[in-house]
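First up is the structure itself, then whatever we jot down about it.
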Amino acid sequence: MKLEELAQQTGEWMRGNGPESDIVMSSRVRLARNLADFPFIRKCTPQDRAAIAAAVRRAIDALPLGSETEFVDVSKLGDLDRQFLMERQLISHELSEAEGARAVILDPHERFSIMVNEEDHLRLQVMQSGLDLETAWKRMNELDDLLESKLTYAFTKKLGYLTACPTNVGTGLRISVMLHLPALVATKQIEKVFRAFSKINVAVRGLFGEGSQFMGDLYQVSNQMTLGKSEDQILQRVSEVIPRLIEYERKAREFLVEESRDDLHDHVSRALGILCTAKKISSEETMHYLSKVRMGVNMGLIDSVAIPTVNKLFMHTQPAHLQKLCGQKLSVSARNTERANYLHQHLSENGGADPKRN
């Protein structure tokens, strides 16, 4: 599996199907695990890191997963390839920028990936399109059990699974949901909502995780603590919070329509017009306008563009993806021109210049 081939696809988190997919982009379950025979990553020598990567590779090869996945040596990838994998949510910024032996095991369908030698020895993640936490957790549980049959994890009866960060000790479980919340942003309610959620230990992050910017009105919402909580309790907490967020966003969208449907229609139509006619456009601008178009499509204000097309453009117009699709490195200015051309091509194929008339 070449990364160039992967670039042609749409990642699991951007497929635009699954329950509540007009608002929920994806459900993700992550597990942090460490091998009992090695120190935590920050105390590892280069030899330790290499031994951990080799041990994980042997374990994967001994499982049915070995023939279905690809082991990618991240330490041998260039900057562009690492950025590409980050944009697809398959590796983290920490893994990309780390030093020494590190890797990622990739499922060709992008339903899961396993990072090796990130903050912990292993970071497992399973992804599902839309709001489907139960399926994601079931698949994660199966994946974790498979690996634990070949690897000895650092675990104590008192604390549970041991992790480099104290907030992950116990289950090592982080459940996150990526939501598209343009109406809450437009009505200036987003900060108030997230302030309330922070009081119940729910974290909110940007598109690419901790420390990343909030772009395209996309937000990752997840649990903060795992110690003292069971997997079922964590799953239940997130499962209770997300429907409330969905309800808030739906009400905000209804408010925007009731306040002035014509103004809202004009707003999303202008966004589509800019994407269809711009000669140069940055990735930030593109995300901003695609967010408005996506809301317009889901609210029945635009019928000339399909949601899968919008979702694909969210991903394919990111800097590394654009360069992968072009087959060459581009300067910032050249990327902005190529991005505009790419938008014209794909939106015109879907009749994107003609928003719905009401």
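Of the residues making up region 1-24, not a single one is under 26 Å from THR163 (Cα atoms) and β-branched (Val, Ile, Thr).
Take the residues in region 304-352 that are aliphatic (A, V, I, L, M) and not in a helix (DSSP H, G or I); name whichever of them is farthest from TYR289 (Cα to Cα). In this case the residue turns out to be LEU330.
Mind listing whichever residues of region 98-151 are in contact with a Pro (Cβ under 8 Å, 6 or more places away or on another chain) and under 13 Å from ILE52 (Cα atoms)? GLY100, ALA101, listed by residue number.
Among the residues of region 160-210 satisfying the criterion of being β-branched (Val, Ile, Thr) and in a strand (DSSP E or B), which is nearest to the chain's Cα centre (by Cα)?
Step one: filter region 160-210 for residues β-branched (Val, Ile, Thr), giving 163, 167, 169, 171, 175, 177, 185, 187, 190, 193, 200, 202, 204.
Then drop every residue that is not in a strand (DSSP E or B), which leaves 175, 177, 202, 204.
On the way: ILE175: 12, VAL177: 9, VAL202: 17, VAL204: 13 Å.
Applying the filter and picking the extreme gives VAL177.
Only residues that are farther than 22 Å from ALA136 by Cα and surrounded by fewer than 19 Cβ atoms within 10 Å (Cβ to Cβ) were counted in region 158-173, giving 5.
Determine whether GLU94 is in contact (Cβ under 8 Å) with a residue 40 or more places away in the chain and touching a strand residue (DSSP E or B) at 6+ places or on another chain (Cβ under 9 Å).
No.
Determine whether region 15-33 contains at least one residue that is assigned to a loop (DSSP other than H, G, I, E, B) and closer than 29 Å to GLY100 by Cα. For region 15-33, residues assigned to a loop (DSSP other than H, G, I, E, B) and closer than 29 Å to GLY100 by Cα: absent.
Would you point out which residue out of VAL305, VAL297 is closer than 19 Å to LEU218 by Cβ and in contact with a Gly (Cβ under 6 Å, 6 or more places away or on another chain)?
The conditions single out VAL305.
The set of residues in region 262-287 that are basic (Lys, Arg), farther than 19 Å from VAL305 by Cα and in a helix (DSSP H, G or I) is empty. Selection of first residues in region 260-272 that are under 26 Å from GLN345 (Cα atoms) and surrounded by 13 or more Cβ atoms within 10 Å (Cβ to Cβ) and of second residues that are among the small types (Gly, Ala, Ser) and at pLDDT 95 or above, restricted to Cβ pairs under 6 Å at least 6 apart or on distinct chains, gives the following pairs, ordered by first then second residue: VAL268/GLY296.
Of the residues making up region 125-146, none is among the charged types (D, E, K, R), under 26 Å from SER75 (Cβ atoms) and assigned to a strand (DSSP E or B).
The values are calculated or read from the model by the stated rules, or taken from the named source; none is laboratory data. Being a predicted model, the structure only gives us computed values, none of them experimental. Reconstructed Cβ throughout: ideal geometry from the backbone, glycine too, with neighbour counts over all protein chains shown.
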